[in-house]
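Student: Could you have a look at this structure, given as structure tokens, before my questions?
The values are calculated or read from the model by the stated rules, or taken from the named source; none is laboratory data. None of these values were measured; they are calculated from a predicted model. FYI the Cβ positions are ideal-geometry reconstructions off the backbone, even for glycines, and counts take in every protein chain you see.
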Amino acid sequence: MSQTKNSEKKGNAKQDILHRVGVLYTLFILAALGITARLIWVQFVSPSVKHNAEVMSDGVYRTKTISAHRGAILASTGEPLALSSVRYEATFDFAAEGFRDAKPEDFKTNVDSLAKLLAQHFSPADAEREGYDYISEQEYRNIFYTNIAKEEKRAPRALKIFPRSVTTDEWNMMKRQFPILNLNMGVVYGSERVDERIYPSDDLARQVIGRDGMLVIKGDTSRGSGLELIYDEYLSGHDGLAVEQRIAHGFWTRVNDKRNRMPEDGCNVVTTIDAGLQKMATERLRDALISEEASFGVAMVMEAATGNILCMVNLSSGEERGTNYTERVYNHAMRTALCPGSTMKLASTMALLEIGGMDVNSTVEIKGAAETVGKTRVVDSHNVAREVGSDSVTLRDGFAHSSNIFFAKAVYERFKDDPKRYTDYLEDLLFNDYVGLGEFKEARSRVPHPGTEEWRRHGDNATTLPRLAFGYIIELPTVHTLTFYNGVANGGRMVAPRLVDRIERDGEVVKRMPVLTLKDKMCSAKTLDALYECLAAAAVPERTAWRLKDLPISFGCKTGTAQIWSNFNTVAKKDYQQMLDGMTPSIDHYYLGSIVTMMPQDKPKYTIMVSVAKQSTPTHPTYFGISLTGSVARDIMEYVYDNDPTLHATLESAETPYGATAIKSGESKAVEHISKRLANGVDLKNDDSEWSIATVNEAGCAVVETRKIEEGVVPNVVGMGLSDALYLLEHAGLKVTHTGAGRVVSQSIKNGTRINGNIKNIHLYLER
């Protein structure tokens with residue numbers, strides 16, 4: 001009995017133990033399932049788990065910013081002026097499975113090869129150009145083997161294997177040529193993506209485009225400038241965010257979290273700048289500044305109807321008279337306000353016509369090259385009365401010959417009793433305001449008013465008013481002068497300068513910048529016609545526009561020369577007074593030479609302005625605006641003309657309603673056959689020329705003429721079919737546009753015209 005009881009006790013104890021083990025096992029299973037479920041929930045499901053800095057203080061989780069790709073700044077035709085290139089950094093992970101699982105001998109063999117190839121690709125010249133230290137082949141080997149040894153000691157680390165970031169093209173090339181990069185042996189591609197701001201044309205339009213605020217130049221971080229700064233909100237886009245979890249060996253992996261978001265890349269800013277025109281104008285202006293040893297220069301082209309700035313060139317000398325002319329220094333076009341000189345005479349002419357009771361035939365008596373007007377000695381560079389053949393000089397001739405005496409006398413005589421009437425009129429034309437470029441720190445134009453301290457500082461009415469009439473006392477930035485002239489070119493409607501046309505994202509317009517009207521009606525239609533007449537009279541080559549003769553298009557213009565005595569290099573006021581008194585001033589002063597042109601003359605489409613500042617020298621104490629600026633203006637006008645087919649006068653059309661046929665001259669029988677079918681007779685004038693043209697003359701006789709194709713000149717393609725014309729013109733290096741269909745009846749650029757850097761486009765007019 002006792003044995004039975006003992007057996008029962010042992011059986012119960014065993015069952016009890018098994019039961020307890022079962023319970024514990026179940027608990028362990030449930031705990032494991034719970035932990036697993038929680039991990040799955042946290043990792044993949046839960047939208048509410050907080051992984052912020054406070055909660056993640058244990059360092060298990062972190063948030064990482066994903067940078068947005070910065071948008072590009074584009075020229076009007078799509079050329080990039082500023083863009084961001086995506087580049088990558090590659091690391092070698094000595095803790096990666098591919099490395100740990102590789103055979104040591106395979107790895108070491110390929111490491112030697114990798115070291116050699118890396119040293120070759122990242123060459124010493126590359127290192128010097130990019131500003132990083134060159135790593136030799138042996139140094140690469142030492143780095144790799146040192147880290148391999150660390151791995152063997154259980155001290156893994158990730159090694160950056162490229163000394164600089166690489167482009168996608170570089171990486172793809174290296175994958176093809178560097179075998180180890182394709183062996184899955186620990187290389188991690190794209191561990192870091194960076195945006196590198198690139199300016200493909202270097203300093204082209206530098207003062208307009210500006211620079212990205214995060215760009216580091218020679219160790220200095222700029223705060224940004226120009227369009228890069230003004231439109232940063234659109235260009236920068238919106239950064240994304242990623243929540244990451246720490247995993248083995250100190251690496252991080254992205255986890256599912258509601259706060260994860262993809263970056264929104266920046267928009268593109270499409271400017272009004274014509275890259276080709278900007279480049280050409282920069283080169284021509286730089287050549288002129290070097291030739292003249294000038295201090296700075298500005299060149300601008302504005303589209304009359306829209307205010308679009310097609311080019312804005314600012315070149316400054318790094319030295320007082322050096323040859324290192326660059327766009328990096330200062331935006332003189334917008335921020336330098338100086339006396340405009342004779343270009344101001346257009347505004348004075350408008351005032352005389354509108355409120356002064358004059359017309360283009362009204363006269364002023366001029367007796368010589370120097371006269372006292374009020375209390376001011378006024379000097380002309382030439383005897384205008386002698387040039388026009390009369391002491392009674394008309395307003396038209398006074399403008400055309402740029403007579404200081406004429407305008408000083410005309411304005412003083414009509415407004416001396418109420419000079420504020422004249423200055424108020426100028427102010428109504430915005431000559432005491434801005435023109436809408438405040439973001440670029442535009443300088444305000446300044447017109448002194450009678451009775452103010454500024455007016456008295458220059459003298460009384462009899463002193464100040466005559467000087468103001470021909471462009472002294474007043475101060476204007478160059479862009480303001482251009483905007484005023486452009487308003488006249490635009491039929492009296494003054495519009496604000498426009499540097500940005502639109503904001504785009506993926507080809508879709510996000511925002512279009514409106515054309516802003518500064519003044520809807522500057523003057524009456526009668527006055528406008530008179531202004532055009534004066535501008536056309538000034539464009540006669542025998543007068544102030546002698547550097548602009550033989551241009552292929554009609555134009556109006558006004559030149560100006562101002563002796564700068566304030567607000568620039570502290571030039572003494574006495575020098576200015578010496579000039580007014582007809583004395584030779586000291587050499588301690590500058591001349592600002594300017595020219596403004598409008599083309600075409602009858603209905604201007606473009607307004608062009610060039611200004612150059614040059615210091616006097618003992619050998620050349622005086623200068624004239626046309627001599628400093630004329631050649632540059634001429635080159636710009638020719639470029640604009642050559643590249644705008646709407647400005648071209650069409651040539652005579654083909655002489656036959658039947659059209660013409662162009663075939664190879666070698667097929668003379670075919671030429672003759674076709675000619676006989678066109679008309680009742682044939683006059684075959686074939687030779688060894690490559691091309692023959694069959695046409696029908698007024699008598700109904702077919703004429704076959706040959707055309708030799710001369711290299712370097714525009715060929716004659718009138719009478720040809722479009723395909724033949726395209727073949728010849730495109731092989732000559734021209735970009736062709738056309739209207740109509742059938743055969744060519746006229747071409748925008750005359751045949752025989754020498755092809756140079758300014759001639760790039762030609763327009764063909766077809767039969768219908």
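Student: If I filter region 257-293 down to residues being among the β-branched types (Val, Ile, Thr) and assigned to a strand (DSSP E or B), which single residue comes out as farthest from Ala75 (Cα to Cα)?
Tutor: Residues of region 257-293 that are among the β-branched types (Val, Ile, Thr), as a first pass: 269-273, 282, 290.
Within this subset, residues satisfying the condition of being assigned to a strand (DSSP E or B) are 269-271.
Numbers: Val269: 9, Val270: 6, Thr271: 5 Å.
Per the stated criteria, the residue is Val269.
Student: With the structure loaded, tell me whether Arg421 is more than 20 Å from the chain's Cα centre (by Cα) and within 19 Å of Ser342 (Cα to Cα) or whether it fails that test.
Tutor: Taking the combined requirement at face value, the residue does not satisfy it.
Student: Another question, if that's okay. Out of everything in region 233-256 that is part of a loop (DSSP other than H, G, I, E, B) and modelled with pLDDT under 80, what residue ends up being farthest from Ala68 (Cα to Cα)?
Tutor: Step by step, filter region 233-256, then rank; the result is Ile247.
Student: Same structure, new question: Mind listing whichever residues of region 719-765 are in a strand (DSSP E or B), within 19 Å of Tyr639 (Cβ to Cβ) and of a type in the set (S, T, N, Q)?
Tutor: Thr737, Gln747, Asn761
Student: Assess whether Ala385 counts as being in a helix (DSSP H, G or I), over 19 Å from Leu468 (Cβ atoms), in contact with a strand residue (DSSP E or B) (Cβ under 9 Å, 6 or more places away or on another chain) and not hydroxyl-bearing (Ser, Thr, Tyr).
Tutor: Numbers: in a helix (DSSP H, G or I): yes; over 19 Å from Leu468 (Cβ atoms): yes; in contact with a strand residue (DSSP E or B) (Cβ under 9 Å, 6 or more places away or on another chain): yes; not hydroxyl-bearing (Ser, Thr, Tyr): yes.
The answer is yes for Ala385.
Student: Could you tell me which numbered condition Gly357 fails, if it satisfies all but one of (1) part of a loop (DSSP other than H, G, I, E, B); (2) surrounded by 19 or more Cβ atoms within 10 Å (Cβ to Cβ)?
Tutor: Unmet for Gly357, out of (1) part of a loop (DSSP other than H, G, I, E, B); (2) surrounded by 19 or more Cβ atoms within 10 Å (Cβ to Cβ): (2).
Student: Residues that are aromatic (Phe, Trp, Tyr) and buried (at least 19 other Cβ atoms within 10 Å of the Cβ): find the helices (runs of 4 or more DSSP H) completely inside region 402-476 holding 1 or more of those.
Tutor: Output list reads 404-415, 419-428, 453-458.
Student: Hey, another quick one. Residues of region 273-296 being of a type in the set (A, V, I, L, M, F, W, C), in contact with a strand residue (DSSP E or B) (Cβ under 6 Å, 6 or more places away or on another chain) and under 17 Å from Pro200 (Cβ atoms), which ones?
Tutor: Once the filter is applied, which keeps residues that are of a type in the set (A, V, I, L, M, F, W, C), in contact with a strand residue (DSSP E or B) (Cβ under 6 Å, 6 or more places away or on another chain) and under 17 Å from Pro200 (Cβ atoms), region 273-296 yields only Leu277.
Student: Condition first: among the hydrophobic types (A, V, I, L, M, F, W, C) and modelled with pLDDT of 85 or more. Can you find one or more residues in region 125-137 that meet it?
Tutor: Looking through region 125-137, at least one residue is among the hydrophobic types (A, V, I, L, M, F, W, C) and modelled with pLDDT of 85 or more.
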